[in-house]
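**Q** Sharing a structure, written as structure tokens. Questions coming.
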Amino acid sequence: MDYLGRGLILIGIISITLGVLLLILSRIPFGSIPGDIIIKRENFTLIVPIGTSLILSLLLSVFLSLILNLFLRGGGH
């Protein structure tokens with residue numbers, strides 16, 4: 001039962017973090033970071049967010065590694 005409790009806490013922390021990130025990221029104009037490719041034509045706009053993807057990947061990797069280390073260090077019994 002200990003693992004179930006820890007898992008539910010982890011899911012809750014991730015859900016809250018994703019909610020806060022969505023609130024914060026909604027204020028940032030999408031595709032404006034250097035490294036993002038924007039192609040505008042008469043009938044369409046193509047946005048390839050390479051820079052944004054790299055930054056989000058780095059932030060999520062650091063956050064998840066901290067959370068997993070916290071739970072794995074405490075639950076090694």
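The values are calculated or read from the model by the stated rules, or taken from the named source; none is laboratory data. Because the structure is predicted, anything quoted here is derived from the model rather than measured. Every residue, glycine among them, receives a Cβ derived from its backbone with ideal geometry; neighbour counts consider all protein chains shown.
**Q** Only residues that are loosely packed, with under 10 Cβ neighbours inside 10 Å and either within 22 Å of Ser65 (Cα to Cα) or in contact (Cβ under 8 Å) with a residue 60 or more places away in the chain (or both): list them for the range 21-49, please.
**A** Answer for the range 21-49, where residues must be loosely packed, with under 10 Cβ neighbours inside 10 Å and either within 22 Å of Ser65 (Cα to Cα) or in contact (Cβ under 8 Å) with a residue 60 or more places away in the chain (or both): Leu22, Ile24.
**Q** Still on this model: Step by step: first the residues of the range 25-71, then only those that are part of a loop (DSSP other than H, G, I, E, B) and of a type in the set (Lys, Arg), then the one that is farthest from Gly7 (Cα to Cα). Which residue is that?
**A** Arg41
**Q** Which one of Ile50, Ile24, Ile16, Ile37 is at pLDDT 85 or above and under 30 Å from Leu72 (Cβ atoms)?
**A** Within the list Ile50, Ile24, Ile16, Ile37, the selection yields Ile16.
Rundown of residues vs (1) of a type in the set (Lys, Arg); (2) touching a helix residue (DSSP H, G or I) at 6+ places or on another chain (Cβ under 6 Å), yes/no style:
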position: Tyr3; (1), (2): no, no
position: Leu23; (1), (2): no, no
position: Ile33; (1), (2): no, yes
position: Arg41; (1), (2): yes, no
position: Phe44; (1), (2): no, no
position: Leu60; (1), (2): no, no
position: Leu68; (1), (2): no, no
